[in-house]
Each structure stands twice: as structure tokens, then as C-alpha cells.
Amino acid sequence: MTANDPPMTPGAGVPNDAPIISVRNIWKFFGNLPALQDVSLDVRAGERLVLIGPSGSGKSTFLRAINRLEEVDRGQILVKGQNIMSRENNINLIRRDLGMVFQQFNLFPHKTVLQNVSMAPLKLLKLSRDEAEDRALALLKKVGISDKANVYPAMLSGGQQQRVAIARALAMQPSIMLFDEPTSALDPEMVGEVLDVMVNLAEEGMTMLCVTHEMGFARTVADRLIFMADGQIVESGQPEALFTAPRHPRLKQFLNQIL
Amino acid sequence: MKSVCRFLLGCGALLLGLTVCAGQTFAKEKYIVASDCTWPPMEFLNDQKQVQGYSTDFIRAVAEAVGIEVEVRNIAWDGIFGGVATGQYDIVASSTTITEERKKQFDFTDPYFEVHQAVIVPAGKQVSTLADLKGKKVGGQIATTGIFVMRNAKVDCELKEYDDVGLAIQDLVGGRIDAVICDDPVAMYYVNMKKDYAGKLNLSFKTEDKELYGFTIKKGREDLLKKLNEGIAKVKAAGLDKEFAKKWMGQ
Amino acid sequence: MPEPDENHSKGNIVLVTDGASIPDPREWRLINAWSISLAGAICVLAGLFLFSPDPYERIVRYLPDGMLVTFKITIMSICFAVPLGLLTGLGRISRNRGINLIASTYVEIIRGIPLLVQLFYIYYALSRFVTVSGTTSAVIAISICYGAYMGEVFRAGISAIPKGQTEAARSLGFSRVQTMFLVVLPQAWRTILPPVGNECIAMLKDTALVSIMAVPDIMQRARSFVGTTYLYFETYTVVALVYLIITLLLSKAVSIMESRLNYYDGK
């Protein structure tokens, strides 16, 4: 593929208002333990979803299933109309459209900050070095860390590393961003700087799925709040509604514990 | 308790063994003889892994003639002289050619056999002088006179030094090298008597210079040297040497 | 998720053979085991050469062409063994059962056979089908043997890289192969280098075995010299010192390379 091609082409015949992500009845087992039980969910373009739930509820597994870091055992996941499990669709191309940010940052320690961000556009989109670095620098500026472009990740604080990780994911210009507990590994004083970047991103209209324990963020940013327990979506809806009037006893119990 | 008993018993048995050994040594003087048993028919192993061959028969006859006992052991050629120098054994009976260089380091008995260097080539090939080996790959056993002769001849060839001559012959048959140089009885054995190589080898020529085999001992052991020379003389006088030659080389 | 190999292999690399102890790159003191050994070896060799030129000068002059052969065999073997080790290591972690089985069986078989036997085997047994020179079969045998050992080093080094690195690369859209070569291996190399360097040094020492195949390496030159002069003690003293000096210099070289690879530690 050449640099001018879009990262991926949507499946033919998908209407514009079709969900950008469509999850149909997925099951995932770790050994005999079901981690996801018959989960279904539609996400529309521009929607901002926050997934909450007790640990072990399957919310991270669910998020990771969407870009096939976890292979589901049953069910179907369509991203822009393309079945991600199908052999006909190249998962590597689909993943370009799904940016992912991890709890542990997972920056490449042997690459500088600039190289971390420019590497994927350089090698995958075949941009020239200048183009890739320009794009990387613009993103680093956006996450407020352009002065650290030429240092190695080991010299950055956790918050700085996570902001670089977000820039790295954005460098492929994805239409969807997946955040897997992006602030859980951070010292409390660094949580804010990362959340600020995420809020900015949300305001720009990015489709976001975010697993987090930051209820303030969920309340202000989320269009829809998904509460998961025991591998199932127990309750979902407007964040305000869920926080003020939880219906399911599991959600009530959960909110009591964390608020 | 049981294990202590067993230990004491073991110690006792060991002591007894040692005493018996010591007793035997005093009864008849015993010498250890080292032979590199890769040199048929001069010294090699039979099917029962016992040392046999011309040199072996010869040293045993010498021992019998002068009333000493010998035990022949198979020792690798590479290092055989080091062992006699450090006293690990008393006599080397291993087709050792008496050379000036070797005489500087060791004592030799009177000669007990005479050989020439022989050059073996694959059947159908022919060389008649060492100079003909120019540009060829020539194999021999490491630190043997065959190698020295090739080296002193200053022929521009690639010398391959093997751990034993059998491996060199194997490579000659396999086509890795062009010729093997070794003592003529050994050459004749491989060319004529070894079934596996029947018809594959040609003993092309022998050098003019003769070499004499002697038994090697550490310098300064005059009494042993005297005894061995006495024995060699007796064996030759009795015509046993010709008998051995007939037995092993069919001459 | 069950990862049976993870605990076992994380961070600790097993030294499969004995090479040399690679000096710690952070060791800065002038006097340490390495410098004492090297200075000692050089002084003894120089001393012998100066104060007792006969026979030591003769011995030292006799060995260099053997040294060249030793280096030649070592370098050629490294050139084959390292890629073979990498392939084996990748095969051992491959999800493809067939490839995994082939790689594992290869390692099992080779590790169970002494190098000396492998050398003989390749030299004499294979000569039934093809005739290869002593040097070639030495390189083949050593490469095959050390390829298996290095395969284990590569496997351990690759497994020691956190899974998050692979996931981050895959989530960007890199393929499995791109992830391995752009992200995992460049990092694993740092963990792998000291044990691989160690294997290479062990390899250099093991080339002494090739003298049985009439390959004129240092060891065979020494044996040949001893064969004419009977100077066992003197010759093997020099040979031991020469091997020692070479391996000490090599282990230092590996150590320097290792410290170069630590550039991104943030220290």
C-alpha cells in the first residue's frame, strides 16, 4: 500500500449511521472460567464510552478483544463493518484504525520519544522521515511534551510517558481510541496531566472507549457509561443517571465502595 | 553403624589389595610399557582389545630373556614421550624411529627393526619421488617420522597431521587427501591386509633412507637400558625377530 | 492468561556452556580479576620470551598460522551459528507446532551429543555422501552445535521482553515479524549479548578440538611442535597463555559492546 491510501477502507455497503464498532454476543474463556459472557455493544462514531466495574469484571478483556489482543471464543466483532476475526480482513490494517493506550504505557525503551511516535507512520504508512517526524512533533506538542522529543522513555515520569503513549497511538491517525486504565499506574499527582490530554481528545470528537476508575472523568466526558460485572454488561446509560440512580444492586454496591 | 562397618571393611580390602600389589612388585621387577596401538602390524589391538603386534611380541620376548615383567598399555602417540619423561611408564615400545632430535631428550636401546618411509596413493595413481607430491595434500600421523621426512624434503605440499594413521588412510580412501606417508610395514598392512581397503590403495614408493626402531626410555636409567639391550641381543641371537616378522608381516 | 514459560524465563538467562566470565561493564576499578589475569598472562609470556628465548621464541614463532586458522574457524562458525541460533530461538517460541517441534528436537538432539562426537560424526560419517574439507566440516559441526546452545539463549532473551512491548507494537498495526525485528529483538539483544558473547568465546576454546581432524589450528600446531621437540611443558604453557589472552580480550570486547547497548537506560 502507498502513503496516499487511507489506513483502511470501510466495508462496502455500510451506511454512514451504522455503528463504528459492533460487538455481537462474544464469549471469552480463560481455561474454564468465562471472562466475557455473551456481551454485545454498539458504538457510534464520535461516541465516548467509559467502562467501569470491579476488577475481574472483564472490562479490560472486552477492550482488548476489540483490537484482537484477546481472541474471543464465540461471537463477532465488527470494526467499521469489518469482521476482525475473519481471515479475509488483515487485522494489522484494522488495528491501524484502533489506537490503544495501556496501563503500563509500554513505550519502546530503546527508541527516543520522537522515534516512539514516528516509528509506526514511518514503517507502516511509509511516510518520509521528515513527514513522520513532523507529524510526531505536532502530536508531542499537542500532549505538551515536545521538549522531551529526543530523550529516552526511561528519563520521563509516568505521566509524561503516558502522554507520549497517547501521542504514539494518535500518530497512526486512528478513528477510535482504546484506553485500558491509562491512569491506574500513575502517581496521583500525574493523573491530571494525562486526563487533560484525554479530555482534549474527547472534545475534538474522537471516538473513545475508556476503561478507568476515574469517576470524575467518566462524569464529565462520557456520553455513555457501561458498568460490567462477572463478564457481563450489567447496566449502561447516561453517566449522571447511573451515578445518581443506579438500578442494579451490583452497581450500587460498586459505587458505594469507590465514591 | 552399618555404613561405618562397610567403610572399615572397604578400607581393609583396599589395604590388602595394596599389600598384594606391592608384594608382586618386589617378587619380579615390573615395567610398564607404552604402545600407541594404531600402527598395525607393529602394535595394534586385537578383537579382544589386547595389545598385539611385532613390537609387542619383541618387548615381551626381551623381558622374558632378561627375567623382568612387562605390562603393555595402549597410550595415544600424541604425548607418549611426555609420559615416559614424567615417569608414568618406563618404556615406549611403539615403532619409534631413533632420531638425533629424539636422542637429545631420551635414551634409545639398540635398534630392533628397520623400516623405510612409504607413500600410499589411491589405486591407479602413481608417484615416484617426494617431489612429485608438490601441491598435493599429504597426510600422516602427527609427530611421526613420516611427517618429519615430508617436512625436511621441503616439498611444497599441504601436510595434514592426523591423530592416527588410520584416520589419514580413511581420508585418502574418501578422497580428502592425495597421499599418506608412513612406515613401510604399516603401509603394506593397509594396502595388502586390510580387507576394507582391498584394491583401493597403491603403495607407490619407498624412500631410500632407512630408519631404525628402538625402545625409548627416560634418560639416566642405565641399568634398564643395559638390560633391554642385553635382551634384544638374546632375542636376535635366538632368531625370534625373524619369527615375529614372519608372523606379522608374512616375510 | 496461562503463560507456562513466563516465570521460568523472565530475566534470567541460563549460561548453557562455559565461555569466559564477561567483565561487568560497570566495573571501573583498575585492579580486578580481568586486569590481573590479562596483565599476568602478558607478563609471563613476555618474560619467557625475553629471558628464555630458546625455546620460547621458537614456540611463539611456530604458532601464528595456527592462530589464524583458529580465528578463521571461530569467525566462520559465529557467522553461521548466530543466525542459526536466532532461527532456533524463534522456532522454539513459535506458535506453529511443526516449527516448534523441529526446533525443539534439534536442540534436544544436539545438546545430548558431545561436540567431539559431532565433529567426528560430521567429518567421517558425512564423508560417505559428500567430501568436505576438515575446516568446512569443523565449521559445520561447531555451527550446528552452538546454534542449538544459542537457540536457548535467544529463546530466553526474547521471552524476557515484557509482553506489553509486543502488544503495543501489534496494536499500532505492526505484523508479528515486524514486531519481532523492530521492537522485541533490538531490546532482547541487550540481554542476549553477554551469553551469546560467552558462547562465542566457548566456541573459540572448543575449536581446539578440530585438531583431531588434521586441521592446523593453534592446538595442532602446538602438538606438531611438541612432536618434533618434546617440549611438552614449555609449548603448552605458551598455548595456554595465548588462549587465555585471546579469551580475556574477547570477553572485554563483549563487555564494551554490552555497555554500548545500555544507552537507553536513563542513567
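Some notes on this structure:
- Each of C:155, A:68, C:221 was scored by other Cβ atoms within 10 Å of its Cβ. Listed from fewest to most, they are A:68, C:221, C:155.
- Mean projected area in nm² (Cα convex hull; one quarter of hull surface) for chain A: 14.4 nm²
- Separation of the range A:170-199 from the range B:102-154 is 82 Å, based on Cα centroids.
- Other protein chain Cβ atoms within 10 Å, averaged over every residue that makes up C:220-227: 5
- Shown in residue order for the range B:223-238 are the 3J(HN,Hα) couplings computed by the Karplus curve 6.51 cos²θ - 1.76 cosθ + 1.60 at θ = phi - 60°: 5, 5, 4, 4, 4, 5, 4, 4, x, 4, 4, 5, 4, 5, 4, 7 Hz (x for Gly and Pro).
- In nm, spacing of pseudo-spin labels at residue A:90 and residue B:242 (7 Å Cα→C-beta vector): 9.3 nm
- Mean ellipticity per residue at 222 nm, deg cm²/dmol - from DSSP H runs of n ≥ 4 across chain B, formula -39500 (n - 2.57): -12000 deg cm²/dmol
- Against the empirical curve 2.2 N^0.38 Å, the C-alpha radius of gyration of chain C lands at a ratio of 1.16.
- Taken along its principal axes, the alpha carbon cloud of the range C:47-144 reaches lengths of 63, 32, 21 Å, longest axis first.
- Using distinct alpha-carbon pairs, which all enter the 1/r mean, Kirkwood radius of the range A:84-210 in Å: 14.7 Å
- With a cut-off of 9 Å between beta carbons, the residues surrounding residue B:145 carry a summed charge of -2, where Lys and Arg count +1 and Asp and Glu -1.
- DSSP-defined beta bridges in the protein assembly as shown - what % are antiparallel, rounded to 5: 55 percent
- Selection from B:147, B:119, B:129, by position along the positive dipole direction of the range B:93-251 (Cβ): B:119
- When A:59, A:123 are arranged by Cβ crowding within 10 Å, least crowded first, meaning fewest neighbours, the order is A:123, A:59.
- Distances between placed amide hydrogens fall under 5 Å for residue C:20 paired with C:202, all partners being 5 or more residues away or on another chain.
- Computed over the Cα atoms of the protein assembly as shown, the ratio of the radius of gyration to the Kirkwood radius (Rg/Rh) comes to 1.18.
- The mean number of Cβ atoms from other chains found within 10 Å of a Cβ in peptide C:127-137 is 2, as a whole number.
- Expressed per residue, the C-alpha convex hull volume of the range A:161-256 stands at 111 Å³.
- Chain C: angle of helix C:163-172 to the longest principal axis, Cα-based, in degrees nearest 10: 60 degrees
- Value of D in µm² per second that Stokes-Einstein yields for the range C:21-74, Kirkwood Rh from Cα pairs, at 37 °C (0.692 mPa s): 243 µm²/s
- Using θ = phi - 60° and Karplus 6.51 cos²θ - 1.76 cosθ + 1.60, couplings along the range A:31-40 (whole Hz; Gly, Pro as x): x, 9, 7, x, 8, 10, 10, 6, 8, 10
- Directionally averaged shadow of the range C:99-180, computed from the convex hull of its alpha-carbon atoms, nm²: 7.0 nm²
- Percentage of interatomic Cα-Cα distances in the range B:103-225 larger than 21 Å: 40 percent
- About the Cα centre, charge dipole magnitude for chain A (Lys/Arg +1, Asp/Glu -1 at Cβ), debye: 440 debye
- For chain C, the longest principal axis of the C-alpha atoms and the axis of helix C:218-229 are separated by about 20°.
- Backbone HN-Hα couplings from phi across the range B:76-88 [Karplus 6.51/-1.76/1.60, Hz, Gly and Pro as x]: 4, 4, 5, x, 5, 6, x, x, 6, 5, 8, x, 5
- Per-residue Cβ neighbour counts within 10 Å put B:157, B:182 in the sequence B:157, B:182, beginning with the fewest.
- From the C-alpha gyration tensor of chain B, square roots of 5λ in Å: 38, 22, 17
- Normalised contact order of chain B, rounded percent, pairs of Cα under 8 Å and 6 or more residues apart: 26 percent
- Relative packing of peptides A:104-110, C:91-97 - highest average C-beta neighbours within 10 Å first: A:104-110, C:91-97
- Helical contribution to [θ] at 222 nm, DSSP H n ≥ 4, -39,500 (n - 2.57), averaged over chain C, rounded to 500: -23000 deg cm²/dmol
- Charge dipole (Cα centre; +1 on Lys/Arg Cβ, -1 on Asp/Glu Cβ; no other charges) of the range B:152-231 amounts to roughly 260 debye.
- Taking the C-alpha atoms only, the angle from helix C:185-206 to the longest principal axis of chain C is near 30 degrees.
- Check: the protein assembly as shown dipole with +1 on Lys, Arg Cβ and -1 on Asp, Glu Cβ, in debye: 660 debye
- For the range A:132-164 versus the range C:125-181, the gap between their alpha-carbon centres in whole angstrom: 35 Å
- For the peptide A:99-112, the mean number of other protein chain Cβ atoms found within 10 angstrom of a residue's Cβ is 5.
- Amide proton proximity set for residue B:70, modelled H, under 5 Å, gap of 5+: B:31
- For residue A:221, the shell of other residues with beta-carbons less than 13 Å away shows a net charge of -4, using +1 for Lys and Arg and -1 for Asp and Glu.
Read the figures in this text as sums done on the coordinates, not as results from a lab. All figures in this text were calculated on a predicted structure; none of them were measured in a lab. Heads up, the Cβs are rebuilt from the backbone with ideal geometry, glycines too, and the neighbour counts pull from every protein chain shown.
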